[in-house]
Structure formats: C-alpha cells, structure tokens
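Take a look at the following structure, please.
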C-alpha cells in the first residue's frame, strides 16, 4: 500500500509499505477515505513535535470497511469515522470510559502510524458507521467536531445565555455551532482574520474584530457591561485565555479548548476577578466514545449535515501524495487555509469537487 511517511522534520516520502498489522482485539481492515489536517500535524511536520520518526500522520480519519468484524457488526462497504485513541485496558480511567485521560494510551497519527496511508487496521470499537447523507470528507471532521462538543458540554447553559468563542478556525466554529445547538441564544465569535469572520457571519454568528480592542472589551460592551455566560478560548494563546476570563459574567464558565502556545501569567487582578465573580474554569481534552449510543461521537454523527455544518469549514481537499507540499505551505503560512483535508481513497477524491464548489471556506481562498 502507498503511504506518506514523515521521515524527519519537514521531510515526507511517499512510499510502498506492507499492509498494516492488527491492532488490539477484533481488529478490522479499513481502506482510509479522507484525513483532516490538525494544527498538531503541522507542528509534528514543521517542528518535529511528536513521538519520533518515521511516522505516518493523520488522526482525523474516515474510511470504508474492507472486511467483516469478528462479531459481524461491520461489513465490507460500511463507511466509518475512526476514533484515533487506543486505550490502555489496564488503566483505571479506561474502566470508566475516559480513554484519553489515561496515564498511557496509543494514538493513531502521533504514537503510531495514522491515516495518510491507504489501509489501516482498527479495533471495531473505534469505528462509527456514517449515515448515507454524510460524506467521507465530513467523516474526517467527526474527530475535531467531537473535541469541540466535548468541550462545550462542560458548561451549563442558563436561560437567555450568551457566549463568546475566541478563534474562528474549525474547532472554534464547531464550538460556536454546538453552543447554538445546546441552547445559547447569542454566540459572539472573535478572530483577527477577516476571512474567518466572514465564514462565521455566513454561518449565522455575530462576529468581533479584535484587531484594535481586545475580544473581552468588545464582548463586555456588546452585552451592556455584563459579560458572557460562557467563554471558549479556541486560539491557543495566553493573551486570549486571559481575555476569555475577563469577558465572563458573574458565575460564568470559561472553557480552555486551545492548547496554549504561550504562557498566561495570572495577575492578581485576574485572580481577583475569578474569585469575586465565582467563575468556573474548565479544562478539556479529546472526546468520549462511551457509553455507546450516547457518547460525544454518537451525537456528532447524528448532527453533522443537519444541525451542525462541517463542509463549509473545508477550504482545501488535496491528494495525500501531496502531503509534503501541502504541509510545507501550512507550516510556512504561505497559503490561507481554514480546514485542509487529504483525500486518500478514490471515493473521497470523487467527493472533492462537489464539496469545494459549495463551501464557504473555499470561496475565501484567493484565486
């Protein structure tokens, strides 16, 4: 099979590899369909921030089942989304279904080879069947949509709630949509990128341009001095994390969704605000696939293409053989992109033109 192998920092070779070995119990052979590019993939490529080389990147994955599972629950031809976390069966957190909170686990695309190869063997419990109306391209976005859902579910939604999402990338726009689905009446979305703000506006959100004033100052002004009930930091900056804290109303909730790339020193005034407003800060990590049928991933798959829009976040669909060129462009910021997806299978490549022709994000790509 063909695979795009990260050999070293900024070096990917497309080569032939043997078919993958079984993984865990009841391992099922899957033909990889589409793979989303996460910011962590760009860091692994551009800076070597990973678990070593060689490595096949890709943890946001969809595919088509190529053989029956042992219990018959999956059959050849089933289109699936692939949960990337492989739990440690002996960890106490695994026993309660918190696979990604375990002290140790395996992970497609970071700790073991991931989706930028034509085939993958996946434990049956990591597979989620896609409905007929959900494309393979959308299936690759189940993982980031699940991360965003898992985050916003941590905050209770009061009546007539307002929320602020700082960062209008794919994770931020998924978070904004989930807040709306969950009953938040007014969702403000802040980003310095005018193109991302336009996408947010077309998805029905009120936007904030924080270029001259902080997101917190504008959000407080727009809520008549009260602040928002829920603030989601989805930019990954220390500054925007502090802005999220300062934008939040009394007894509000702050969700730290972005993995910070800079420090966030807490001045005593900030700590006083957290105390005197009785704010709640939530950390969040990955998503849950348990209990089956009522998990984060089950909700994503039931909602995507209906109440949650994934396709409008896709700006680029590329052949996976072009991984070197594409990741160089993203690492060097030579190209504007919202969500880039690699098409691995012919079925996914056949979806590309239709998806891009209708995507709001594609419309923002310079000609």
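Only the coordinates and a few stated rules stand behind these numbers; no lab work does. Note that the structure is a prediction, hence the values are computed from the model and not measured. Cβ placement follows ideal geometry from the backbone for every residue including glycine, while neighbour counts extend to all protein chains displayed.
Between residue 16 and residue 75, with labels modelled 7 Å along Cα→Cβ, what's the label distance in nm to one decimal, could you check?
3.4 nm
Could you work out the per residue convex hull volume over the alpha carbons of the chain, in cubic angstrom?
138 Å³
Taking the alpha-carbon centroid of each part, what is the distance from the range 292-350 to the range 200-271 in angstrom?
27 Å
Can you give the % of DSSP beta bridges in the chain that are antiparallel, to the nearest 5?
Taking every DSSP beta bridge within the chain, about 55 percent pair in antiparallel fashion.
Rank the residues 107, 51 as a footprinting-exposure proxy: fewest other Cβ atoms within 10 Å of their Cβ go first.
51, 107
Same structure, new question: Sort 26, 259 by Cβ crowding within 10 Å, fewest neighbours at the top.
Placing the least packed residue first, the sequence is 259, 26.
Please report 299, 61 as a ranked list, fewest other C-beta atoms within 10 angstrom at the top and most at the bottom.
299, 61
Taking R0 as 25 Å, what FRET efficiency do you get between residue 281 and residue 185 from their Cβ-Cβ distance, rounded to the nearest 0.05?
About 0.60, to the nearest 0.05.
What's the ranking of 31-39, 16-24, 139-147 by average number of surrounding C-beta atoms within 10 Å, highest first?
Output ranking for 31-39, 16-24, 139-147: 139-147, 31-39, 16-24.
Sort the following peptides by mean Cβ neighbour count (other Cβ atoms within 10 Å, averaged over residues), highest first: 119-127, 93-101.
Order by mean packing, descending: 119-127, 93-101.
Could you sort the peptides 232-244, 283-295 by per-residue average Cβ neighbour count (10 Å cutoff), highest mean leading?
In descending order of packing, they fall as 232-244, 283-295.
Can you give the FRET efficiency to the nearest 0.05 for residue 324 and residue 259, using r as the Cβ-Cβ distance and R₀ = 22 Å?
0.30
Starting from the Kirkwood Rh over alpha-carbon pairs, what translational D in µm² s⁻¹ does the range 271-367 have by Stokes-Einstein at 25 °C and 0.890 mPa s?
It diffuses with D of about 148 µm²/s by this estimate.
Could you state the number of Å between the C-alpha centres of the range 71-93 and the range 149-193?
Here the answer is 29 Å between Cα centres.
Would you kindly state how much longer the chain becomes between residue 194 and residue 93 on full extension, computed as 0.36 nm times their sequence separation minus their alpha carbon distance, in nm to one decimal?
Full extension from residue 194 to residue 93 adds 32.2 nm.
Which value in Å does the Kirkwood hydrodynamic radius of the range 16-139 take, with 1/r averaged over all unlike C-alpha pairs and then inverted?
Kirkwood radius, the range 16-139: 14.9 Å.
Quickly work out the residue 1-to-residue 217 label distance, labels modelled 7 Å from Cα along the C-beta direction, and quote it in nm with one decimal.
Roughly 5.3 nm, to one decimal.
Which Rg and Dmax, in Å, describe the Cα atoms of the range 155-283?
13.1, 39
So what is the relative contact order for the range 112-229, in percent, with contacts set as C-alpha pairs under 8 Å and at least six apart?
With pairs under 8 Å counted, the relative contact order is 19 percent.
Can you give the relative contact order of the range 155-283 as a percent, counting alpha carbon pairs under 8 Å and 6+ residues apart?
Across the range 155-283, relative contact order equals 23 percent.
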